[in-house]
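The values are calculated or read from the model by the stated rules, or taken from the named source; none is laboratory data. Bear in mind the structure is a predicted one, so any value in this text is a computation, not a measurement. As a convention, Cβ positions derive from the backbone with ideal geometry for all residues, glycine included, and neighbour counts pool all protein chains shown. What goes into the accessible areas is simple: the full protein's heavy atoms, side chains included, and nothing from ligands, DNA or RNA. Shrake-Rupley method; radii C 1.70, N 1.55, O 1.52, S 1.80 Å.
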Amino acid sequence: MLFRSPLQTHHRLRRLIDCGEPGETFRAIADGKRVVEGIDDRVWHAWRNVAGLDEELARRCELHGISVITTRDARYPACLAGDRQAPAVLFHRGDLSVMNGRRVGIIGTRTASLSGCNFARTLGRDLALNDITVVSGLARGIDVHAHRGVLAESLGAAVAVVACGLDVIYPPEHGLEWDAVAERGVLLSEAPPGTPPETHRFPLRNRILAALSEILVVVESRARGGSMITVREAMKRDVTVMAVPGPPHSPVSDGTNALLKDGCEPVTDVSDVLVGLELTSGAFRRGTDTREAPTAAERPVLAACMSRTTTVDEIVMTLGLSVFDTGVLLGRLEMKGWVQHVNGWWEALM
């Protein structure tokens, strides 16, 4: 209804929601009444010509199992209610109560390294094992791997904030994760059903993601990009930002390494985050690494892949091994799941 009206913004929508019951406000606008001051004539004209919009929206919500709440609803998440830019309307699939627990945001670049994706998945898993709700955006790269880590365990919950309608899966290959998050937590959007993933909606989504997080962990990020927008939104709200150290010359770690230089606390495993949440009593739980341990001969080769992506020739020069022996050891490490090979480059999966 109000949220699907043309030329709508979240600022205008919040003012309309504050006027009273949304259905009554919608009908008043359709009747030609100007329920708030300071809105252009062209906007009022567009809003008066939305016949049938409420029926179409209700049909989409019912078809896709989507519910809607406003800031006037008692079920509106308490962790968002006090935010100055809290969305006036939230569409959701799943259980809103998962946001009542402790919450950590995990974000990062869509073009993440294999090592970064592996770390995000491990961190998501270990936070879930410690009953921490993981908040992310279900984007490609770091986001979806953080949620995959959560979904791999029976404990913990996931919150995903997306930048399109909840019936418009984006990216399309993440359909299984969308359904799994809705079952194990909640999918959220301030965009009504049918809304495509328009570019301007992602920075708006990022403010919600930041506001939901008690701590925001940046796993990998370039110096500029969506992750840094989320970081700025978190800092505006005094949300603690932590960063995962990356190789000094890796472009996907430029942003995280800059955050560390600026004083953000580092994250090397789940214990750093749990200490940041002041959860210092009792033993922290970690997932079990089921990979076969590297042999004494394999460990130097693995170490050579850990600081940065590397080639066989570079490992040969560093360790003084033959090309044949290096290839054999890398092959064994790959079979065990410790390294991965992409386009001639080898990278450790830690």
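Within region 67-76, is even one residue surrounded by 22 or more Cβ atoms within 10 Å (Cβ to Cβ) and either touching a residue at least 24 places away in the same chain (Cβ under 8 Å) or among the small types (Gly, Ala, Ser) (or both)? Can you show your working first?
If we filter region 67-76 for residues that are surrounded by 22 or more Cβ atoms within 10 Å (Cβ to Cβ), which is where we start, we get none.
No, the conditions are met nowhere in region 67-76.
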TODO: Out of the residues in region 298-350 that are among the aliphatic types (A, V, I, L, M) and part of a loop (DSSP other than H, G, I, E, B), state the one that is modelled with the highest pLDDT.
DONE: Leu321
- [ ] Kindly provide the set of residues from region 178-198 that are more than 20 Å from His147 (Cβ to Cβ) and crowded, with 22+ Cβ neighbours inside 10 Å, ordered by number.
- [x] Pro192, Pro193
TODO: Would you please name the residue that is most open to solvent (accessible area, probe 1.4 Å), looking only at residues in region 287-297 that are modelled with pLDDT under 90 and among the β-branched types (Val, Ile, Thr)?
DONE: Thr290
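Output yes when any residue across region 277-286 is part of a loop (DSSP other than H, G, I, E, B), among the charged types (D, E, K, R), modelled with pLDDT under 90 and open to solvent by 40 Å² or more (accessible area, probe 1.4 Å), and no when none is.
The initial filter retains those residues of region 277-286 that are part of a loop (DSSP other than H, G, I, E, B), namely 277-286.
Okay, now just the ones that are also among the charged types (D, E, K, R), so 278, 285-286.
Checking the rest, the ones that are also modelled with pLDDT under 90 come to 285-286.
When the remaining residues are screened for being open to solvent by 40 Å² or more (accessible area, probe 1.4 Å), the result is 285-286.
Looking for residues that are part of a loop (DSSP other than H, G, I, E, B), among the charged types (D, E, K, R), modelled with pLDDT under 90 and open to solvent by 40 Å² or more (accessible area, probe 1.4 Å), one finds at least one in region 277-286, hence yes.
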Task: Residue that is farthest from the chain's Cα centre (by Cα), among those in region 110-129 that are within 21 Å of Gly185 (Cα to Cα) and hydrophobic (A, V, I, L, M, F, W, C) - done: Leu129
Open item on the list: Taking the criterion of being surrounded by fewer than 17 Cβ atoms within 10 Å (Cβ to Cβ), touching a residue at least 12 places away in the same chain (Cβ under 8 Å) and out of contact with any helix residue (DSSP H, G or I) (no Cβ under 7 Å at 6 or more places or on another chain), would at least one residue in region 307-315 satisfy it?
Closed with: yes
TODO: Return the total of residues in region 82-109 being among the hydroxyl-bearing types (Ser, Thr, Tyr) and under 17 Å from the mean Cα position of the chain (by Cα).
DONE: 1
Task: Pairs where the first residue, in region 178-200, is under 22 Å from Val98 (Cα atoms) and the second is modelled with pLDDT under 90 and assigned to a helix (DSSP H, G or I), C-beta under 7 Å, 6+ apart - done: Glu190/His10; Pro192/Phe3; Pro192/Arg4; Pro192/Leu57
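For region 325-347, give me each residue that is among the polar types (S, T, N, Q) and open to solvent by 60 Å² or more (accessible area, probe 1.4 Å).
Just the residues of region 325-347 that are among the polar types (S, T, N, Q), to begin with: 326, 340, 343.
Listed by number, the residues that qualify are Gln340, Asn343.
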